[in-house]
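One structure is given below, encoded as structure tokens.
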Amino acid sequence: MGSMAESGPPADRGRSAGRVRGDRGGVIVEFAAAVPFLMLALALVWQVLLLGITAMYASHGAAEAARQAAVTPDDMARVDEEARKRVRSPWDGADVMTVEVVERDGSRFARVTLAMPIFLPGASGPWDVTGEAKVVPEVEPRGVTP
């Protein structure tokens with residue numbers, strides 16, 4: 001007689017062994033089908049990271065511009081220069097970053113606008129990210145009368 005492992009009809013043993021061999025290729029096919037979805041998820045996470053970095057630089061640049069505008073309200077070149085010091089390349093490029101001081105509701109605000117990169121820093125998309133900070137005046141601007 002045969003052993004316990006070989007019990008049952010011979011046809012069942014052959015089918016079971018054939019299924020195991022066929023599953024090996026199925027794993028590769030399933031992995032290949034999942035790769036595009038994994039890459040899409042990774043690209044989405046990367047884009048959200050770029051959005052966060054761009055918003056952080058816009059906020060830091062606006063805060064620095066507001067500090068400088070409080071000290072030298074009439075020197076926009078100096079305000080722009082100080083704001084650009086807080087933003088890393090390539091976000092600080094002339095075609096990517098704009099710095100302005102705007103008046104709204106009787107207060108002055110420093111506004112830094114950065115072009116939102118798409119997938120690569122330096123590859124600007126159609127969207128902008130803006131950061132604003134209130135200018136708390138230490139020196140009155142020459143053109144403003146109290």
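Quick notes on this one:
- Scanning the range 59-94 for residues that are of a type in the set (A, V, I, L, M, F, W, C) and either surrounded by fewer than 19 Cβ atoms within 10 Å (Cβ to Cβ) or in a helix (DSSP H, G or I) (or both) gives Ala62, Ala63, Ala65, Ala66, Ala69, Ala70, Val71, Met76, Ala77, Val79, Ala83, Ala94.
- Within the range 101-112, if we keep just the residues that are surrounded by fewer than 16 Cβ atoms within 10 Å (Cβ to Cβ) and of a type outside the set (Gly, Ala, Ser), the residue that is farthest from Ala133 (Cα to Cα) turns out to be Asp105.
- Pairs with Cβ under 8 Å, 6+ apart, first in the range 35-58 and surrounded by 10 or more Cβ atoms within 10 Å (Cβ to Cβ), second among the polar types (S, T, N, Q): Ala58/Thr113; Ala58/Thr130
Read-outs: derived from the displayed coordinates by stated rules, not from any lab. Note that the structure is predicted; figures quoted are calculated from it, not measured. All Cβ positions, glycine included, derive from the backbone under ideal geometry; neighbour counts span all protein chains shown.
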